[in-house]
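Undergrad: Handing you a structure now.
Please treat every number below as a calculation from the coordinates, not as lab data. Everything quoted here is computed from the prediction, not taken from an experiment. A quick note on method: Cβ atoms are made from the backbone with ideal geometry, for glycine too, and the neighbour counts reach across all protein chains shown.
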Amino acid sequence: MVTSVTTEVSQALKKGTVVMGGTFDPIHHGHLRSAVDILDCFQFETLRLIPCFQPVHKGEPTVSAEQRLKMVELGIAADSRLSVDAREILRAGPSYTFETLVELRAELGQEEPLIMVVGMDSFLSLPTWARWQDLLSVAHILVISRPGWEPDFISTLESFYEKHRAESATELQCAPAGKIWMQSFTPLAISSSQVRNLCREKASIAYLVPETIQRFIEAHSLYK
């Protein structure tokens, strides 16, 4: 049993390229709150959101890649620290995280820390990802978790985590890649499927997504 999820505010890191991928079908306040929590906790200057074109472990997105991309752009417009990276949508085809990280590493050079943010649910499914054991050759992994949650790891993943676990968050900027750090935040209990279901039921999605996204969904009759 792994219990080393940190709840204290970590030291300012600032240095590093931070990325968070997802289907964002649609992006909602839960996604955005997590991104802001990471920026505020570690004082990173920016965070890139990378919407995927075709998720490998989920069904086809409900709306087009272009519509999901537009909603991400609308969602982050109020915070200049957030940006969108459309490379997976432009690449098309199945979106493999390792391929994206390799591209980013080539662009950043070999010295810049590259930090991939994932939720605990995604981290627990890591052994099903393509080339998952190679991810740390090109990036760090920052896992965000709920307070008080002690994850139950399968043995393969637990060994991987223990081998690469950072002793402090500052290790994420002492090397370009290779470490795993777990940080606890209190998430907003919102899911994309919840938003989609409310739309299908013709119920309000106010306060679950930014107003600009709500208007976009309504204007284009999405998720009906």
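Undergrad: List the GluC sites (Glu not before Pro) within segment 190-223 that fall in a DSSP loop (any state other than H, G, I, E or B) and whose Cβ has at most 10 other Cβ atoms within 10 Å.
TA: Answer by residue number: 201.
Undergrad: Report the trypsin sites (Lys or Arg not before Pro) located in segment 109-205 that are in a DSSP loop and have at most 11 other Cβ atoms inside 10 Å of their Cβ, or state none.
TA: Filter output for segment 109-205: 202.
Undergrad: What percent do you get for the relative contact order of segment 17-188 when only Cα pairs under 8 Å and 6+ apart count?
TA: Contact order relative to length: 23 percent.
Undergrad: State whether the chain is rounded, prolate or oblate according to the following rule on the C-alpha gyration tensor (a ≥ b ≥ c being the square roots of its eigenvalues): a/c under 1.5 gives rounded; otherwise a/b larger than b/c gives prolate, and the remaining case gives oblate.
TA: Verdict is prolate for the chain.
Undergrad: Separate question: I'd like to know which of 114, 209, 128 lies farthest towards the positive end of the charge dipole of the chain, counting +1 on Cβ of Lys and Arg and -1 on Cβ of Asp and Glu.
TA: About the Cα centre, the residue reaching furthest to the positive side is 209.
Undergrad: So which trypsin sites (Lys or Arg not before Pro) in segment 8-117 pass both tests, a DSSP loop state and at most 10 other Cβ atoms within 10 Å of the Cβ?
TA: Counting only loop positions with at most 10 other Cβ atoms within 10 Å, the trypsin sites (Lys or Arg not before Pro) in segment 8-117 are 14, 58.
Undergrad: With a ≥ b ≥ c taken as the square roots of the eigenvalues of the C-alpha gyration tensor of segment 47-118, please select rounded if a/c is under 1.5 and otherwise prolate if a/b is larger than b/c or oblate if it is not?
TA: Taking the square roots of the gyration eigenvalues as a ≥ b ≥ c, segment 47-118 is oblate.
Undergrad: Continuing with this model, one more query. Need one word for segment 118-224: rounded, prolate or oblate. Basis is the Cα gyration tensor (sqrt eigenvalues a ≥ b ≥ c); a/c below 1.5 gives rounded, then a/b vs b/c decides.
TA: Because a/c hits 1.5 or more and a/b exceeds b/c, segment 118-224 counts as prolate.
Undergrad: With +1 on each Lys and Arg Cβ and -1 on each Asp and Glu Cβ, how big is the dipole of segment 17-188 about its Cα centre, in debye rounded to the nearest 20?
TA: It works out to roughly 200 debye.
Undergrad: Still on this model: Checking the cross-link filter: which aspartates and glutamates have an alpha carbon closer than 19 Å to that of residue 163, excluding same-chain neighbours under 8 positions apart?
TA: Those aspartates and glutamates meeting the cut-off are 134, 150, 152, 171.
Undergrad: Now for a different question. Would you mind checking 70/179; 58/224; 15/58 for any pair whose Cα atoms are more than 30 angstrom apart?
TA: 70/179; 15/58
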